[in-house]
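Asker: I have a structure here, written as structure tokens, and I will follow up with some questions on it.
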Amino acid sequence: MRDGGVSVGVGAAGHLAVSGATKRFGAALVLDDLSIAVAKGEFVSLLGPSGCGKTTLLRCVAGLLRPDAGRILVGGADITTLPAHRRNVGVVFQNYALFPHLTVAENIGFGLRAQGVAKREAAPRIAEALRLVRMEAHADKAITALSGGQQQRVAVARALVVRPSLLLLDEPFSALDRKLRETMQVELKQLLREVGITAIFVTHDQEEALVVSDRIAVMNAGRIEQLADPAALYGRPSSLYVLDFVGQSTRLSGRVVETASNEIAIDTALGRIWAPGSFLRGSPVIVAVRPEAVTLGSAQDGAANHITARVAEISFLGSRTQLHLDLVEPDRGVVELPRLPDGIAPGASVPLSFRVADAMVFPAP
Amino acid sequence: MSATALTAPPRRPDGLTLLVLPALAFLGVVFLLPLLLLLWSSIRGPGGFSLNGYARVLGDAYYLQVMLQSLQLGLITTGGALLLGYPAAFALARARGYAQVVLFALIFLPLTVSIIVKSFGWGIVLRRDGILNWAMENLGLIERPVRMIFTEGALYAGMINVFLPFMVLPIFSVVRMMDTRLPDAAATLGASPWFRFTRVTLPLSLPGVVAGVSITFSLAVSAYVTPSLLMGDRFMTMSMVMAKAFLNLRDWQLGAAMATVLLAVAITVVVGAAWLQKRLATPRGS
Ligand SMILES: Nc1ncnc2c1ncn2[C@@H]1O[C@H](COP(=O)(O)OP(=O)(O)OP(=O)(O)O)[C@@H](O)[C@H]1O
Ligand SMILES: [Mg+2]
């Protein structure tokens, strides 16, 4: 039913396969039997709140940290016990970790020198890397003389020039302002496609994850909650956690009162709602619907769910307008309209409708 | 650049200048004044101006020998302290919790123990019937007690003990601020541990090393108390000659000339270190 669910095709086609990775720091369980598989050439985002273990997972894959249990395979080879300098896994660190005592070109050439690549061969590769990130004009500059965006580019070039089998990026844009961030996101995506490298990209910004990645892995407390492409993750979240972490939604708690083939009816504070799914009659559930799936009025074709709700607040967002519904915690509601019709103000009751297929049901926590 | 120079207001003493004034005044009275008097003494013979003091210090084989000995003492002490202190500074910087407290105490507690107490302790350890001889004899390492006290080996050990903290502290303060992800980044680029150390860790720790070396060398080359207590007249340093000239021989010109030479050595080291520091602090590239 949910093809966007946790996919742990370990040992299968994955270029990178982490299976059962576990890591404790003292009493804290930071990676909890975590598994993930990433296909060759794929660009996967690791999305999760601060402290959920994203950096720890990257450090384990890079060889900077040894997991207490579990295996890590790249291209089918078990690298779990290989030291970092033998793994050929590139890393772009949070805040870049560029070498302050070296110039831009020396930073980029560092890996080639470390691997004993002859100067004759290294020079054109450094030049190529500089061109790739459009930093040719800054080759001999000191790192401290660069802007945040330029440092970020150098960090990417430094990691790519040694042709790693896998590139890990730990919040590469977190130090940049919003505008630059958006430019760099697109730029990085194009660059990585051009190079054709498999990449894992850490972020705690869901919009960033939606923009840049082929697939997104939502992490929660040391585990992967769901690994899916952006549309599936948004449209068919596998858990309440993912539902709340990615995007907004109207959430109503209720109880299953009727069951039909593949459909159930749920009684909520806003009335009866039909949704796809199979739950036992009487189960406490939460039914959710994304803001843009809801339309104003009751006349929508095929929209079998009709409710009436009071508007608590209206937020104008430019290209669209959000209505926040007046509901009692833990219920909450948000509806997004392309345009606000006349006569709707806070306090007004509005008729709303949405399709059965757009309703999502989760067992109540 | 030139635009700001044009619009910049005329220079006035700012807050920083005022803050440093008391210290400068203090140094002027307790340091600069005696220094000028010293320089003056070094060129004043019984019959007026004379360079006789310098002629004796720089021309006499005995005094040259003393100077060489002092330099040797300074170099060996500094080298030994660097060899022991460099890894210790890293251990200290990377240690956490209790381990750090204990390491700190081990390295810095000796500073708080008076040199007199320390040399008394060394005596107990190094004497012919001391602990070290006793232990080595019982372990069968030696057949009869070895003379250790009043040997150069004991002197160097004592000097390194006394001056080690002055080497560790500056290196520690630099290493503590070092981003540990830099060697990590080097590792992910394929750098072996040795390459990481020589190309990343070592260059970044150099400012601390330069500071530690210059402090330790300046202190060791002018050491007086430790060599006197551990060697007496058997090992004369420049400071000991100075003390003798001033206190026993009442030969002020000789003492002042020796002091000036020692000062020149120290200033060379300090200025050289400052220059190196500045070069190290300036990032490569434009
Ligand atoms: N070396 C360490 N020693 C002890 N605890 C650690 C260590 N490294 C990480 N932790 C702890 O592990 C947890 C996860 O850390 P991690 O850095 O992986 O989080 P993160 O998901 O990258 O968070 P952020 O988004 O803030 O970067 C945190 O609670 C952190 O305090
Ligand atoms: Mg992190």
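Asker: Do you know which residues across the range A:245-278 are open to solvent by 20 Å² or more (accessible area, probe 1.4 Å), under 23 Å from A:Thr321 (Cβ atoms) and assigned to a strand (DSSP E or B)?
Answerer: A:Arg251, the sole residue that qualifies.
Asker: Residue under question is B:Leu206, and the condition is that it be under 23 Å from the mean Cα position of the chain (by Cα), within 10 Å of chain A (Cβ to nearest Cβ), in contact (Cβ under 8 Å) with a residue 60 or more places away in the chain and open to solvent by 20 Å² or more (accessible area, probe 1.4 Å); does it hold?
Answerer: Yes: the conditions hold for B:Leu206.
Asker: List every residue pair whose Cβ atoms sit under 6 Å apart, with the two residues 6 or more apart in sequence or on different chains, where the first one lies in the range B:115-135 and is small (Gly, Ala, Ser) and the second, anywhere, is open to solvent by less than 50 Å² (accessible area, probe 1.4 Å).
Answerer: Partner pairs satisfying both residue conditions: none exist.
Asker: Any idea which of (1) aliphatic (A, V, I, L, M); (2) open to solvent by less than 20 Å² (accessible area, probe 1.4 Å); (3) within 15 Å of the chain's Cα centre (by Cα) is the one B:Ala245 doesn't satisfy?
Answerer: (3)
Asker: For residues that are charged (D, E, K, R), more than 9 Å from chain B (Cβ to nearest Cβ) and either more than 21 Å from A:Leu192 (Cα to Cα) or open to solvent by less than 50 Å² (accessible area, probe 1.4 Å) (or both), tally how many sit in the range A:102-152.
Answerer: Here the count works out to 4.
Residue-wise test of (1) under 24 Å from the mean Cα position of the chain (by Cα); (2) within 18 Å of B:Gly80 (Cα to Cα); (3) surrounded by fewer than 16 Cβ atoms within 10 Å (Cβ to Cβ).
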site: B:Val117; (1), (2), (3): yes, no, yes
site: B:Phe120; (1), (2), (3): yes, no, yes
site: B:Val125; (1), (2), (3): no, no, no
site: B:Asn133; (1), (2), (3): no, no, no
site: B:Pro145; (1), (2), (3): no, no, yes
site: B:Ala157; (1), (2), (3): yes, yes, no
site: B:Phe166; (1), (2), (3): yes, yes, no
site: B:Pro170; (1), (2), (3): yes, yes, no
site: B:Met178; (1), (2), (3): yes, no, no
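Asker: Quick one: which of B:Phe104, B:Phe150, B:Phe108, B:Phe166 is more than 30 Å from A:Ala62 (Cα to Cα) and in a loop (DSSP other than H, G, I, E, B)?
Answerer: Exactly one of B:Phe104, B:Phe150, B:Phe108, B:Phe166 is more than 30 Å from A:Ala62 (Cα to Cα) and in a loop (DSSP other than H, G, I, E, B), namely B:Phe150.
Asker: Can you tell me how many residues within the range A:87-109 are without any contact (Cβ under 8 Å) to a residue 12 or more places away in the chain and within 25 Å of A:Arg24 (Cα to Cα)?
Answerer: Total meeting the criteria: 0.
Asker: Contact list please: Cβ distance under 9 Å, first residue in the range A:57-73 and at the interface with chain B (Cβ under 10 Å from one of its Cβ atoms) and open to solvent by 30 Å² or more (accessible area, probe 1.4 Å), second residue not in a strand (DSSP E or B) and not hydrophobic (A, V, I, L, M, F, W, C), pairs at least six apart or on different chains.
Answerer: A:Arg59/B:Asp184; A:Leu64/B:Arg181; A:Leu64/B:Asp184; A:Leu64/B:Thr188; A:Leu65/A:Thr56; A:Leu65/A:Arg59
Asker: A follow-up question, please. Here are some conditions: (1) more than 10 Å from ligand 1 (Cβ to nearest atom); (2) at positive phi; (3) touching a Leu at 6+ places or on another chain (Cβ under 6 Å); (4) more than 8 Å from chain B (Cβ to nearest Cβ). A:Gly53 meets all but one. Which one does it not meet?
Answerer: Just one mismatch for A:Gly53, condition (1).
Asker: Of the numbered conditions (1) more than 14 Å from every other protein chain (Cβ to nearest Cβ); (2) under 26 Å from B:Arg199 (Cα atoms), B:Ala266 satisfies every one except a single condition; which is it?
Answerer: Evaluating B:Ala266 over (1) more than 14 Å from every other protein chain (Cβ to nearest Cβ); (2) under 26 Å from B:Arg199 (Cα atoms) leaves (2) as the failure.
Asker: Kindly establish whether A:Leu98 is away from chain B (no Cβ under 14 Å), within 28 Å of the chain's Cα centre (by Cα) and not charged (D, E, K, R).
Answerer: So A:Leu98 does not fit the description; no.
Condition check ((1) of a type in the set (A, V, I, L, M); (2) at pLDDT below 90; (3) more than 25 Å from A:Pro237 (Cα to Cα); (4) touching a Lys or Arg at 6+ places or on another chain (Cβ under 7 Å)) across all residues:
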site	(1), (2), (3), (4)
A:Ile314	yes, no, yes, no
A:Ser319	no, yes, yes, no
A:Leu323	yes, no, no, no
A:Val335	yes, no, no, no
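Asker: Right, something else. Looking at (1) open to solvent by 20 Å² or more (accessible area, probe 1.4 Å); (2) modelled with pLDDT of 95 or more; (3) within 16 Å of ligand 2 (Cβ to nearest atom), which one does A:Gln94 not meet, given that it meets all the others?
Answerer: Here A:Gln94 meets the rest and fails (2).
Asker: On to the next question. State which residue pairs qualify: first residue within 19 Å of B:Leu32 (Cβ to Cβ) and inside the range B:248-268, second residue in a loop (DSSP other than H, G, I, E, B) and open to solvent by less than 50 Å² (accessible area, probe 1.4 Å) in any location, beta carbons under 7 Å apart, and separation of 6 or more residues or different chains.
Answerer: B:Leu262/B:Ser222; B:Ala266/B:Ser222
Asker: Listed residues A:Asn88, A:Asn95, A:Asn107; which is over 21 Å from A:Leu227 (Cα atoms) and either in contact with an Asp or Glu (Cβ under 6 Å, 6 or more places away or on another chain) or within 15 Å of ligand 1 (Cβ to nearest atom) (or both)?
Answerer: Unique residue meeting the criteria: A:Asn95.
Asker: So, in the range A:23-54, exactly how many residues are within 16 Å of ligand 2 (Cβ to nearest atom), surrounded by fewer than 21 Cβ atoms within 10 Å (Cβ to Cβ) and not in a strand (DSSP E or B)?
Answerer: Qualifying residue count for the region: 3.
Asker: Looking at A:Leu160, A:Leu169, can you tell me which residue is within 16 Å of ligand 2 (Cβ to nearest atom), of a type in the set (A, V, I, L, M) and within 14 Å of another protein chain (Cβ to nearest Cβ)?
Answerer: That would be A:Leu169, the only listed residue that is within 16 Å of ligand 2 (Cβ to nearest atom), of a type in the set (A, V, I, L, M) and within 14 Å of another protein chain (Cβ to nearest Cβ).
Asker: May I ask you to list the residues in the range A:160-213 that are more than 16 Å from ligand 1 (Cβ to nearest atom), part of a strand (DSSP E or B) and either more than 20 Å from A:Arg59 (Cα to Cα) or in contact with a Phe, Trp or Tyr (Cβ under 9 Å, 6 or more places away or on another chain) (or both)?
Answerer: Those that are more than 16 Å from ligand 1 (Cβ to nearest atom), part of a strand (DSSP E or B) and either more than 20 Å from A:Arg59 (Cα to Cα) or in contact with a Phe, Trp or Tyr (Cβ under 9 Å, 6 or more places away or on another chain) (or both): A:Leu167, A:Ala199.
The values are calculated or read from the model by the stated rules, or taken from the named source; none is laboratory data. Because the structure is predicted, anything quoted here is derived from the model rather than measured. All Cβ positions, even for glycine, are placed from backbone atoms using ideal geometry, and neighbour counts span all protein chains on display. For accessibility, only protein heavy atoms count, side chains too; no ligands or nucleic acids. Shrake-Rupley method; radii C 1.70, N 1.55, O 1.52, S 1.80 Å.
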